[in-house]
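A short worksheet on the structure shown next.
Nothing in this text is a laboratory measurement; each read-out follows from the coordinates by a stated rule. None of the values given here were measured: they were computed from a predicted structure. With ideal geometry, Cβ positions are generated from the backbone for all residues, glycine too; neighbour counts draw on all protein chains shown.
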Amino acid sequence: MNVDDFAYVVETKKGFEEAVVSILKAVDQKGWTLFQIYDIRERLAAKGFEQEPLKIIEICSGKYANQFLSKNRLISLCMPCKINVLEEQGKVKIAGMRPTMISQFFPEVGQNEAEQAEKDVLEIVNNAR
């Protein structure tokens, strides 16, 4: 397994905060639910560490969550889905977790089921780009 199996990463011309807002809009437009946003840079700064901007945005689709949890409740370890906005060397990137990786760890979730959820996540990322 390589990082491309786990994450879908795109670069955007938008500024960091603008990219975060774009993700929030795209999540809403897709009908998914926003759970939480973590400002990792801010939290680490409070501990005396410096990092470039990084926000972890947790999102969920009730439809897919129910579908997957009905098959194995341990799938909750992979939930909610995450989309990160990060800045590296002046470039802003959006990275989404690929739900298809769930089927690699939990075979009761078919590849086709996971692909449906992944299609939504990739659309959110691409629409926010």
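Just a few scattered comments:
- Listed residue (F106, Y64, Q89) projecting farthest to the positive dipole end of segment 3-128, Cβ model: Y64
- For segment 1-44, trypsin sites (Lys or Arg not before Pro) are listed when DSSP marks them as loop and at most 13 other Cβ atoms sit within 10 Å of their Cβ; the list is K13.
- Converting the Cα gyration tensor eigenvalues of segment 40-107 into ellipsoid dimensions via √(5λ) gives semi-axes, longest first, of 30, 13, 10 Å.
- Measuring nothing but how far apart in sequence close Cα pairs (under 8 Å, 6+ apart) lie, relative to its length, segment 3-128 scores a relative contact order of 32 percent.
- Scanning the chain for DSSP H helices at least 15 Å long along the axis (C-alpha atoms) with a Kyte-Doolittle mean no lower than 0.0 picks out 16-30.
- Eligible aspartates and glutamates near K13 by straight Cα distance, threshold 14 Å, same-chain separation 8 or greater: E87, E88
- Anchor K14: lysines whose Cα lies under 16 Å away (excluding residues fewer than 8 positions away in-chain): K25, K55, K91, K93
- Choice from S76, S103, S22 with maximal GNM fluctuation in the chain (Cα, 10 Å cutoff): S76
- Sparsely packed chymotrypsin sites (Phe, Trp or Tyr not before Pro) within segment 20-81, loop by DSSP, other Cβ within 10 Å at most 16: F49
- Dipole magnitude for segment 3-128: computed about the Cα centre from +1 point charges on Lys and Arg Cβ and -1 point charges on Asp and Glu Cβ, it is near 240 debye.
- Anisotropy class of the chain from Cα gyration tensor, a/c 1.5 cut: prolate
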